[in-house]
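Enquirer: Got a structure for you, questions after.
What follows is calculated from the coordinates using simple rules that are stated; it is not laboratory data. What you see is a predicted model, and the numbers here were worked out from it, not measured in a lab.
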Amino acid sequence: MNGFERLKKQKRTAILLAAEKLFLQHGIKKVSIKTIAAAAGVSQVTIYNHYHGKNELVEIVVENIINKLITQYQEVINSPNSFMIKLELILKLRIKAISNGSWYLLSAAAADINIRQKIEHSLGVMLKKINHRLVQQGKKEKIINPAIESETIEQYIEMFRNWFDESKTAATNEKKANEFLQLFLYGIRGKMRSD
C-alpha cells in the first residue's frame, strides 16, 4: 500500500470512528456531517469524497455494531461454559450494548426500512439461533424443565430481552440492571449459581 492509499484509509477510518462516537453520544438526528468532519479532523468535502453522506455513514456504523455484537454473542455461545454462565454472559452483553448506546443507536437507525431489514436479518436471526442453542443446552444440563416447550422458553428469554431494551433503568442504573438480571436468572429466592 503506497502513502496515498494509506492516508486515504486513515481518513476513512477516522471518519467512521468519529461518526460512531458522535452517533452513540448524541443520537443520529443531532449529528451533522459538519460535526463528524470536525471530530475526524477532516473537511466536509473529504467526507463526501469517501462517502455519499450521513445515511451511508449510519449504515456502515450500524453494520459495524451488528458485526461486533454477533462476534461477541458467538464467542459466548461457542464457549465451553455451562448454560447459566452463557445466559448470564449474553444478558450482560445486552446490558453493555444498552448502557454504551449501541442498542439505542440500532433502534434509532431501524427507522429506515432498509437498515431495519438488515438488523432483523442478521442480528435477529442470530439471536433466535442463540436462544435455541441455549435452551437445548439448558435442557441437556437439566436446568430447564423439560415439560416446558423450547419455543415457550425461547419466547420468555426474548420477552425479557425486549423489556430490557425498552427499560430506561437498564441504561441508566447498572446496579438495578444487574438486580433484574439476577431475578431473571435465579428468581426471587435469590439462589446463586453454584458453577
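Enquirer: For the chain, take the longest principal axis of its alpha carbons; what is the angle in degrees between that and the long axis of helix 150-166, to the nearest 10 within 0 to 90?
Expert: Roughly 50 degrees, rounded to the nearest 10.
Enquirer: Here is a further query. Given the alpha-carbon gyration tensor of the chain, what are the semi-axes of its equivalent ellipsoid in whole angstrom, ordered largest first, with each equal to the square root of 5 times an eigenvalue?
Expert: 38, 17, 15
Enquirer: Give the aspartates and glutamates whose C-alpha is closer than 19 Å to that of LYS140, dropping any in the same chain fewer than 8 places away, or say none.
Expert: Cα-Cα hits under 19 Å: GLU88, GLU149, GLU151, GLU154, ASP195.
Enquirer: Still on this structure, I have one more. Which whole-Hz couplings ³J(HN,Hα) result when phi for each residue of region 103-116 is put into the Karplus expression 6.51 cos²θ - 1.76 cosθ + 1.60, θ = phi - 60°, listed in order with x for Gly and Pro?
Expert: 5, 5, 5, 4, 5, 5, 5, 5, 4, 7, 4, 5, 5, 4
Enquirer: If you plug each phi of region 34-43 into the Karplus form 6.51 cos²θ - 1.76 cosθ + 1.60 with θ = phi - 60°, what whole-Hz ³J(HN,Hα) values come out, in order, with x for Gly and Pro?
Expert: Per residue, the Karplus-derived 3J(HN,Hα) values read 4, 5, 5, 4, 4, 5, 8, x, 10, 8 Hz.
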